[in-house]
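The values are calculated or read from the model by the stated rules, or taken from the named source; none is laboratory data. Values in this document were obtained by computation on a predicted structure and should not be read as measured data. Here the Cβ is made from the backbone with ideal geometry for all residues, glycine too, and neighbour counts use every protein chain on show. Side chains are part of the model used for accessible areas, which takes the heavy atoms of the whole protein and leaves out ligands, DNA and RNA. Shrake-Rupley method; radii C 1.70, N 1.55, O 1.52, S 1.80 Å.
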Amino acid sequence: MDILELLRLATRAPSADNSQPWTFTQQADVLSCRYAHPGNFRDPFGPNGHASLLAAGALHENLDLITGGQVECRLDTGREDIPWELNIRPAGASSPSSALRGQMENRHTNRHPFARRLPGPLPDCQASPGVRIITCTESPRIHALGEALQLCSRARFNQPELHEWLFTSLRWNDDEIAAGDGLDINTLHLPPGGQHFMRWIKPWHRMEMLNRLGVDRMMSIADTVMVKQAPAVIALCGSDEAQDVWNAGRTLQRLWLGLNDAGLAVHPYYAVTDLGNRRKAGRLLPGWDASVQRGEEICADTLGLERGEQVHMLLRVGLARHEAVRARRRPAQRFLSADNRA
Ligand SMILES: Cc1cc2nc3c(=O)[nH]c(=O)nc-3n(C[C@H](O)[C@H](O)[C@H](O)COP(=O)(O)O)c2cc1C
């Protein structure tokens, strides 16, 4: 299979803030993939971070689907510099069917409102080992998950590190968007004037000042109201062991491909997981641990989590009312390490 076509399809996998933190190197007939952050925006996770492993798992799933299961995976988080590597032999892989190609190209995030009812049953998805898929369609449980998210979302708007991460990820104009990575501002669901407001709150000192007037609370309500009204929320859960997080990434991709293929829209929410992990690592600003912990506890009660289980991702799922602007990707060539570029 043509390498650039393989890269183009595989890197349609989702990643936090569309960072696409991967590089590929070709040696003889083997193509190897490792973690590499593009460097043009903040990387709050690093090679071993939870979000990096989830995204790498999703990329693994895509590569596995494209090559018919020919991916060799090494995961060893003890090696901090290169915790994982994926190896494939593109020459041995035949081109994927047009149906599979279409599914990969069609998988996307939709941050707009969804219809209040599901059109029918949700498609089945087989979870990878160590991962549980928990589907909630009852409004009290969905509402509780929305409350948990709101607590974590509010805490998020009070962390300068996360504020700066968001603002280095956002892409505002055509040139920035055309480069193909980061968060295209047009993919967000903002009210009229929302883009101007977002630009205005870019300096942390302004956001900090507005938070004293309750803007963090208002933004967390706006951020989570669509979750509370969703017809379904799906939680991916499991332990924080690296292999289980990786498998959650593979499951996330499989589930998302199936949902989009069935005509359903998907919007992921990572705040409970991310803020929870930051709390456990002692990285939240003073005063925010208790509300984040409360958010985690609400999730654990609502989802019936076992000891040692956490939420890896929450997905709002439903019938889209609006088409989403599709996030771009860097050109396939740019994923090849400098020595391999034509
Ligand atoms: C680990 C991870 C965390 C994410 N967190 C969020 C989130 O909290 N909110 C959100 O709207 N999208 C989130 N996303 C979705 C990404 O922003 C999205 O996949 C990326 O911008 C590419 O867009 P696409 O899914 O349309 O291809 C997350 C994705 C991953 C893999």
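Counting only alpha carbon atoms, the long axis of helix 271-280 and the longest principal axis of the chain meet at about 90°.
If R0 equals 41 Å, the separation of the Cβ atoms of Ala99 and Arg206 corresponds to a calculated FRET efficiency of about 0.25.
For region 86-102, 3J(HN,Hα) computed residue by residue from phi via the Karplus equation (6.51, -1.76, 1.60; θ = phi - 60°) reads 10, 10, 9, 10, x, 4, x, 9, 8, 4, x, 5, 5, 5, 5, 4, x Hz, glycine and proline entered as x. Against the chain, whose longest principal axis comes from its Cα atoms, helix 50-67 is set at around 40 degrees. For the pair Arg307 and Gln27, label points projected 7 Å from Cα toward Cβ lie 4.5 nm apart.
What is the angle, in °, between the Cα long axis of helix 289-303 and the longest principal axis of the Cα atoms in the chain? Nearest 10 is fine, range 0 to 90. Relative to the chain, helix 289-303 is tipped by roughly 70 degrees.
Computed over protein heavy atoms with a 1.4 Å probe, the accessible surface of region 205-249 works out to 42 Å² per residue. Considering only alpha-carbon pairs that sit under 8 angstrom and 6 or more positions apart, the relative contact order computed for region 3-107 is 31 percent. Please report the spacing between the Cα centers of region 295-315 and region 8-69 in Å, no decimals. One Cα centre to the other: 26 Å.
Could you tell me what percent of the accessible area of region 1-80 is made up of carbon and sulfur, with a 1.4 Å probe and every protein chain present? Let's see the in-between values first.
Working: 1310 of 2990 Å².
C and S atoms contribute 44 percent here.
For the chain, what does the relative contact order come out to in percent, with C-alpha contacts under 8 Å and a separation of six or more? Once divided by the residue count of the chain, the mean separation gives 29 percent.
The portion of the accessible surface of region 205-310 made up by carbon and sulfur, rounded to a whole percent, is 50 (1.4 Å probe; DNA, RNA and ligands excluded). In this structure the amide hydrogen of Trp22, modeled in the peptide plane, comes within under 5 Å of the amide hydrogens of Ala36, none closer than 5 places in sequence on its chain. For region 131-318, build the charge dipole from Cβ charges (+1 Lys, Arg; -1 Asp, Glu) around the Cα centre, then report which of Ser220, Ala178, Phe167 sits farthest towards its positive end. The listed residue farthest towards the positive side: Ser220.
For the chain, the mean residue ellipticity at 222 nm estimated from helices alone is -13000 deg cm²/dmol, where every DSSP H run of n ≥ 4 contributes -39500 (n - 2.57) and the total is divided by all residues, rounded to the nearest 500.
Here the chain is assigned +1 on the Cβ of each Lys and Arg and -1 on the Cβ of each Asp and Glu. Its dipole about the Cα centre then comes out at about 900 debye. The simple spin-label model puts a point 7 Å past each Cα toward its Cβ; for Ile82 and Leu319 those points are separated by 5.0 nm. Per residue, the Cα convex hull of the chain amounts to 137 Å³.
Report D for region 64-170 in µm² per second (integer): Stokes-Einstein, Kirkwood Rh on Cα pairs, 10 °C, 1.306 mPa s. Roughly 83 µm²/s, to the nearest whole number.
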